[in-house]
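One structure is given below, encoded as structure tokens.
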Amino acid sequence: MLINLLDIDLDTFQSQIAKAGHQPYRAKQLWRWLFKEELTDFDLMTDLAKDFRLFLSNNYEVTFPSVKFDHTSTDGTRKWLFDVGTSNAIETVFIPEKSRGTLCISSQVGCALECTFCSTGRQGFNRNLNQAEIISQLWMANKMIDSTSSQHKPVTNVVMMGMGEPLANYDNVVSALKIMLDDKAYGLSRRRVTVSTSGLVPAIEKLKNDCPVSLAISLHAPNDFIRDEIVPINKKYPLKALLASCDSYLENAPRDFITFEYVMLKGVNDQLEHALELVKLVKNTPCKFNLIPFNPFPKSGYECSDRSQILAFQKILMDHEIITTIRKTRGDDIDAACGQLAGDVKDKTKRTIRLIQEGKR
Ligand code: SAH
Ligand code: SF4
């Protein structure tokens, strides 16, 4: 069986080719062709020796999930649905802005963490994506977006904010992140790659040493009482432990603040006393807040806070010197906004939550 080159890391590839008698530096050459030049045909990789090209085609291949649909919003936001087999599909979103292009990447088919306001969470969980399926989203987006007007690849920033909880698929996410950061592949700066997590504390501690990138925490509540309800993983890793892990993460992070994401749910977590409670909660943690207007989906049972309430909430945080932005909703007309990514999830068996409950993660 051929090995998909997108599914192994550079060290593994180097040792495989060395075993077969080829120079290890060939692996780096191949990576450049594959990720920088976006070539997959070994015969076009002109500086590779013929016998090495033959070895490659006998043992390796480069395969991608196929595109089930590709929609562009009136505001330029683009969303793809990628087929990842057995009737499952994941979503990837590209958000173009003047000075950057941000790709929102999925890490799992569905999500097992069941945050009550999240469409992905409501879908249930099928499985983790492998390294190839994660990095393919970046490879294909760069390839499919017209970049003729620019010297650079269109994707300049990556946020792991698509379907799934990235830190519940730790090994595959970290190996894909390493490809994003590696100069021989995408060479993105650690500041431009963000992992968003609902708060898997042990994995945050691990990420700090294995692959520190920008960190966003889905906080969404000012106290354990509300957070237990809307972000159930809080029962396992309550706010005190979560904030301690944020402080520790900052010791080795590429940015000197944590971004706290906060979805604005009318009558649930959007009261002005909640904002004051937040100020106290984060007083020792350098941070910025990003308020996310709740994006509705059928039968969610929630409503978005009124605009005036969001602005008043923001003002309280700002008055206490916490930089607070309100996320612009993009891709509204193609359901590409935060929390609306539903993909196509079959066999929703919630395996991750079982593993967590059994204490295996
Ligand atoms: N699992 C990770 C990353 C994916 S979700 C996490 O939870 O952080 C990306 C962001 O969108 C998270 O902050 C998530 O809480 C938020 N989100 C989920 N559903 C939403 C909705 N319906 N409206 C607005 N934001 C939502
Ligand atoms: Fe999973 Fe994040 Fe959605 Fe929660 S908000 S269910 S962790 S994808």
Inset, instruction - Mind listing whichever residues of the stretch 243-269 are within 13 Å of ligand 2 (Cβ to nearest atom) and of a type outside the set (Val, Ile, Thr)? - result: GLU261, TYR262, LEU265
Inset, instruction - Give the residue, chosen from PRO202, PRO212, that is over 30 Å from ASP344 (Cα atoms) and either touching a residue at least 60 places away in the same chain (Cβ under 8 Å) or part of a loop (DSSP other than H, G, I, E, B) (or both). - result: PRO212
Legend entry - Test for ASN130: is it in contact with an Asp or Glu (Cβ under 9 Å, 6 or more places away or on another chain) and of a type outside the set (Asp, Glu): yes
Inset, instruction - Looking only at the stretch 240-253, decide whether some residue is buried (at least 20 other Cβ atoms within 10 Å of the Cβ) and more than 24 Å from the chain's Cα centre (by Cα). - result: no
Legend entry - Those residues of the stretch 159-186 which are away from ligand 1 (no atom under 15 Å from the Cβ), among the hydrophobic types (A, V, I, L, M, F, W, C) and not in a helix (DSSP H, G or I), in sequence order: ALA185
Inset, instruction - Go through the stretch 281-315 and give me each residue that's assigned to a helix (DSSP H, G or I) and over 21 Å from ALA216 (Cβ atoms). - result: ARG307, SER308, GLN309, LEU311, ALA312, LYS315
Legend entry - Qualifying residue in the stretch 69-77 (condition: within 12 Å of ligand 2 (Cβ to nearest atom), in contact (Cβ under 8 Å) with a residue 60 or more places away in the chain and either closer than 29 Å to GLY301 by Cβ or touching a Pro at 6+ places or on another chain (Cβ under 7 Å) (or both)): no
Inset, instruction - May I ask you to say which residue of VAL173, VAL159 is of a type outside the set (Lys, Arg), within 16 Å of ligand 2 (Cβ to nearest atom) and farther than 26 Å from LEU2 by Cα? - result: VAL159
Inset, instruction - Search the stretch 71-126 for residues being more than 18 Å from the chain's Cα centre (by Cα) and among the β-branched types (Val, Ile, Thr), and hand back the single one that is nearest to ligand 1 (Cβ to nearest atom). - result: THR116
Legend entry - Cβ pairs under 7 Å, 6+ apart, first in the stretch 1-23 and surrounded by fewer than 18 Cβ atoms within 10 Å (Cβ to Cβ), second part of a helix (DSSP H, G or I): LEU2/ASN59; ILE3/ASN59; ASN4/ALA132; ASP9/SER175; ASP9/LYS178; ALA20/PHE55
Legend entry - CYS246 within 16 Å of ligand 1 (Cβ to nearest atom) and either on the phi < 0 side of the Ramachandran plot or assigned by TED's automatic domain parsing to the domain that holds VAL158 (or both): yes
Inset, instruction - Please find, within the stretch 107-144, the residue that is farthest from ligand 2 (Cβ to nearest atom) out of those that are assigned to a helix (DSSP H, G or I) and among the aliphatic types (A, V, I, L, M). - result: MET144
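The values are calculated or read from the model by the stated rules, or taken from the named source; none is laboratory data. These numbers were taken from a predicted model, which means no experiment stands behind them. So basically every Cβ, Gly included, is an ideal-geometry build from the backbone, and we count neighbours across all protein chains shown.
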